[in-house]
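Shown next, in C-alpha cells, is the structure this report addresses.
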Amino acid sequence: MSPKVQNGTVIFRRWSKRTGLDETAVSFLSLDDLFSLCLQGDDALLVDRVLIEGHDTSGTRRTVTLTFQSVTVGERTTHEE
C-alpha cells in the first residue's frame, strides 16, 4: 500500500482587542485548495498551522502538522551607487 493523503485542515488565528485570540479551522482536499486558502486576502486571518491527515504504507493513520510563525516583512529596495 502506498501512503495516501485523506484530507487536511488549515488553522487560522486572529487577534482582536475586543475578543482576544481565536482560531478558525477550514478543511481542504487538494494542494490547490490549500494554496488558495493560504493566499486569502483577509489580513486579519493568519495561517497558524496546517494539518495533513492520511495513512502510511502499513495503513496506519498519520497526521503531519506544519506550524508557522507569522511575521511582517516589508519590501526592501537596495540601491547601489
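The values are calculated or read from the model by the stated rules, or taken from the named source; none is laboratory data. The structure presented is a predicted model; accordingly, all values stated were derived computationally and were not measured. Neighbour counts run over all protein chains shown; Cβ positions are idealised from the backbone, glycine included.
At a glance:
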read-out: Selection status of Val50, among the hydrophobic types (A, V, I, L, M, F, W, C), on the phi < 0 side of the Ramachandran plot and either surrounded by 14 or more Cβ atoms within 10 Å (Cβ to Cβ) or at pLDDT 95 or above (or both); value: yes
read-out: Residue count for segment 2-28, restricted to those that are closer than 17 Å to Arg62 by Cβ and in a loop (DSSP other than H, G, I, E, B); value: 2
read-out: Some residue of segment 14-31 being surrounded by 15 or more Cβ atoms within 10 Å (Cβ to Cβ), within 10 Å of the chain's Cα centre (by Cα) and either closer than 14 Å to Phe68 by Cβ or at pLDDT below 90 (or both); value: no
read-out: Tabulated pairs, segment 53-69, first closer than 22 Å to Ser30 by Cβ, second among the hydroxyl-bearing types (Ser, Thr, Tyr), C-beta under 6 angstrom, 6+ apart or interchain; value: Glu53/Thr63
